[in-house]
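Okay, so here's the structure we're looking at.
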Amino acid sequence: MESNWAADNLRVIRTLMERSAVYRRALAPLMFLAGSLGTLAAAIGWFARIESPRAFVGFWLTVAVLTIAGCFLLLRRQALRDAEPLWSPPTRRVLQALLPALAAGLICSTIALFNLGAAEEKTASIVGLFCLPLGWIVFYGCAVHAAGFFMPRGIKLFAWIFILGGCGLFALGSPDLPRRFLYAHGVMGLFFGALHLAYGIYLFCTEKRKNET
Amino acid sequence: MNPEPFLQLDRVIHEKGRLAIMSLLAASPQLSFTEMRDTLNMTDGNLTAHMRTLQEAGYTSVTKEFQSGRPLTTYSLTAPGRKAFAAYINLLEQIVQQTKSNK
C-alpha cells in the first residue's frame, strides 16, 4: 500500500516534469497565418506567371521571411497576453530543434539562387522548379518533426506528411518544362498553404482554448 | 517495514499541490505564474499560497519584472530547493524498493 502511493507520486512527478518541457503556445493562429500566406503566394506565383527559376526561388524565400516575421509577431502577442516570457525554455528548445533542417534548406536555396543564373535553362528549371521546392518540403518536414519532440503529438504526423509527400513527388518525377512553374507553385501552395490551413482548422477544433479562461 | 524513509519525507514538498509545483520547476529553469497556473489547473489564490510556503522554506525564488509594460512574475528553484526535491525523490524510490524487497 505504502509503495503504491510512493510509486504513484514518482509517476506524477515524471508526468509533470515532461509536461513542463512541452511547448504550449497556441499553434492554430500560426498555422492559419502560414497557410493563408502560402495559398496567397501560390496564387500570385501561378497567375503572375513567376516562371524563371531564380525569380521563383527569390519569391518563395521572401514569402518564407514574411511568414516567419508574422509568426514571430503572433508569438510575441500571445506571450504578452498570457504574461509569459517570449523566450521561455520550451520556446528555445523548439527553435533549436527547428534550426538545423531550416538552416540546411536556406543554405541550399541561397547557393541555388546565386548559381541558377549561370546554369543552362533545363538544369536551372529542374533544380529551381522541381528539386528545390520538394527539398524545402522535406527539410521543413524534418524540422517540424524534430520540434515535435517538444510539442503536442499530432504535429509529428503533420511533419511526416511533408517528408513522405516530398519524397513521393520526387519519385514521381518532374513534369514537362512549359508547365513546370505551375507545378512548382501548385506544390508549394498545396503543402505550405492548404496543408497548413487544414492543420490550423484541426488545431482550432482540438486545442484547449486556455487563453479564454 | 522500516518506517524511517517515510518519516524523513519533507512535509513542505509532500503536499500534493507543492509537489506538482516543485516537479514543474525542477524540469524548467524558470516558469511564469500563468504557465504554472494553467498547467496545474490551480486558482490564483491556491498557487499563490503554495508559492508563499515554498518561498518561506527557501525552495523557490521569485523574479518580478515588466515585459512591454506588463508585469511578469517568474519562479525558479533555488539550490536548496533542488537539493530537497532530489532528496524527496530518493526517499520515494527507497520506499518503493523497500516494499518490493519485503514482498
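Within the listed set A:72, A:130, A:181, the Gaussian network model of chain A (springs between alpha-carbon atoms below 10 Å) gives the highest mean-square fluctuation for A:72. Counting only the backbone N, which residues of the range A:13-55 are under 19 Å from the spot 7 Å out from the Cα of residue A:201 toward its beta-carbon? Answer for this model: A:27-43. In chain B, helices alone account for a calculated mean residue ellipticity at 222 nm of -19000 deg cm²/dmol, with every DSSP H run of four or more residues adding -39,500 (n - 2.57). Separation of the range A:84-157 and the range B:43-74, taken as the distance between their Cα centroids, equals 39 angstrom. Legend: mean number of C-beta atoms from other chains within 10 angstrom of residue C-beta atoms, peptide B:82-89, equals 1.
When the P(r) of the protein assembly as shown is calculated, the portion above 36 Å amounts to 37% of the C-alpha pairs.
Take A:25-32, A:166-173 and order them by the average number of nearby Cβ atoms within 10 Å per residue, most first; the result is A:25-32, A:166-173. For residue B:78, the residues whose amide H sits under 5 Å from its own are B:60, B:61, ignoring neighbours fewer than 5 places away on the same chain, with H placed 1.01 Å from N. With contacts taken as Cα pairs under 8 Å at a separation of at least 6 residues, chain B carries a relative contact order of 36 percent. For peptide A:85-92, the mean count of partner chain Cβ atoms within 10 Å of a residue's Cβ comes to 3. Between the Cα long axis of helix A:195-206 and the first principal axis of chain A there is an angle of about 20°, rounded to the nearest 10. Taking B:84, B:26, B:49 in turn, the Gaussian network model of chain B (Cα-Cα springs below 10 Å) assigns the largest fluctuation to B:49. Between 0 and 90 degrees, the angle of helix A:154-172 with respect to the longest Cα principal axis of chain A falls at about 20 degrees.
Note on chain A: helix-only mean residue ellipticity at 222 nm, from DSSP H runs of 4+ residues weighted -39500 (n - 2.57) and normalised by residue number, equals -25500 deg cm²/dmol.
Pairwise alpha-carbon distances in the range A:36-140 exceed 15 Å for 69% of all pairs. Inter-chain neighbour count for B:90-99: the average number of beta-carbon atoms from partner chains within 10 Å of each residue's beta-carbon is 4.
Laboratory data are not the source of any read-out in this text; all were calculated from the coordinates shown. Keep in mind that this is a model prediction, so the values were computed, not measured. Reconstructed Cβ throughout: ideal geometry from the backbone, glycine too, with neighbour counts over all protein chains shown.
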